[in-house]
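Below is one structure, written out as structure tokens, with a few remarks after it.
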Amino acid sequence: MTPNAPASAAGPEGRVQLSVADGIGTVEFSHPKGNSLPAKLLNELAAGITQLGADPAARVIVLKSAGAGTFCAGASFDEFTAVSTPAEGQEFFSGFSRVILAMIRAPKFVLTRVQGRAAGGALGVIAASDYSFAVRGAQAKLSELQVGIGPFVVGVVLERKLGLAPFQFLGVHADWHDAEWCERHGLYAMLSGDIAALDAAVQAHATRLAGSNPEAMAEMKKIFWAGTENWEQRMSDRAAMSGRMVLSDFTRDALAKFRAR
């Protein structure tokens, strides 16, 4: 994790960068494979959000990914296919839960900038935002069923944010959904026509919130996420479920077919 580093191309393992300016704390992640999130980056992302949550200089947090393409392709497919034991599987699927928990436990609003497509675990990250901004081309997909599992961990926050029926639709109809559908059901709070307009909207809202009462925002945050106190255990149980399932013959066969596309 690189605090306050200048922007540059991500290395083969990706990178998480932190910066704070004018009351706005920014967490930016990048990875050459569609801004996907391997375990190392997920842990750094959770740590970075927690760090900014404790930094009095950051009164609001902006979460973003690098570039003008995909927002996040989800978890690392290479790591997914390398799981060999139930314990490894549970650890692998716990990565996104750490990021989600860091976001909802941070005593500050987390604003997420979605400049392109989002798949799999990325939807859980967006749903854990207090406010999300997206371009109109930012399609979203829960792809887990296509690889023989289900959206068990991220489903905890998606059901909370969208409601049961839209979450069911995302999970069962495991294909791309347009940004208008996502806005209509609460995954995105605001849509912009292009990236320039997106960045302007994120900056304007973050600047306004950075000047708001930190105590009031912290109390609002508690209200927003009241009732999530047992999520650590709930997500751990879901991760164990996925960890067992990924080792099944059915899932291994589904993974092989998916990879051969």
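Things worth noting here:
- Residue that is modelled with the lowest pLDDT [pool: residues in region 142-158 that are under 16 Å from the mean Cα position of the chain (by Cα) and either under 30 Å from LEU209 (Cα atoms) or part of a helix (DSSP H, G or I) (or both)]: GLU144
- Test: PHE96 is closer than 30 Å to ARG244 by Cβ, modelled with pLDDT of 95 or more, of a type in the set (Phe, Trp, Tyr) and in a helix (DSSP H, G or I): yes
- The set of residues in region 31-49 being more than 13 Å from the chain's Cα centre (by Cα) and either farther than 19 Å from ILE100 by Cβ or in a loop (DSSP other than H, G, I, E, B) (or both) consists of HIS31, PRO32, LYS33, GLY34.
- Any hit, region 215-237, residues being buried (at least 17 other Cβ atoms within 10 Å of the Cβ) and under 21 Å from GLY74 (Cα atoms): yes
- Spans of helices (runs of 4 or more DSSP H) in region 159-258 with at least 2 residues in contact with a strand residue (DSSP E or B) (Cβ under 6 Å, 6 or more places away or on another chain) and either of a type in the set (Lys, Arg) or more than 22 Å from ARG59 (Cα to Cα) (or both): 179-184
- Flag if ASP199 is without any contact (Cβ under 8 Å) to a residue 60 or more places away in the chain and charged (D, E, K, R): no
- Near pairs, Cβ below 6 angstrom, 6+ apart or cross-chain, from region 79-95 (over 11 Å from LEU42 (Cβ atoms)) to any residue that is part of a helix (DSSP H, G or I) and aliphatic (A, V, I, L, M): THR81/LEU255; GLN90/ALA239; GLN90/ALA240
- Failed criterion for SER242 (all others in (1) closer than 21 Å to ASP55 by Cα; (2) of a type in the set (Ser, Thr, Tyr); (3) within 23 Å of the chain's Cα centre (by Cα) hold): (1)
- The number of residues in region 112-134 that are part of a strand (DSSP E or B) and surrounded by fewer than 24 Cβ atoms within 10 Å (Cβ to Cβ) comes to 2.
- Just one of the listed residues (PHE133, PHE167, PHE96) is closer than 22 Å to MET220 by Cα and touching a Leu at 6+ places or on another chain (Cβ under 8 Å), namely PHE133.
- Condition check for LEU52: part of a helix (DSSP H, G or I), at negative phi, touching a strand residue (DSSP E or B) at 6+ places or on another chain (Cβ under 8 Å) and not aromatic (Phe, Trp, Tyr): yes
- Of the residues making up region 129-179, those that are of a type in the set (A, V, I, L, M) and over 30 Å from ALA200 (Cα atoms) are LEU145, VAL147, ILE149, VAL153, VAL156, LEU164, ALA165, VAL172, ALA174.
The values are calculated or read from the model by the stated rules, or taken from the named source; none is laboratory data. Please read all numbers here as calculations on a predicted model, not as lab measurements. Ideal geometry is used to build each Cβ from the backbone, glycine not excepted, and the neighbour counts take in all protein chains shown.
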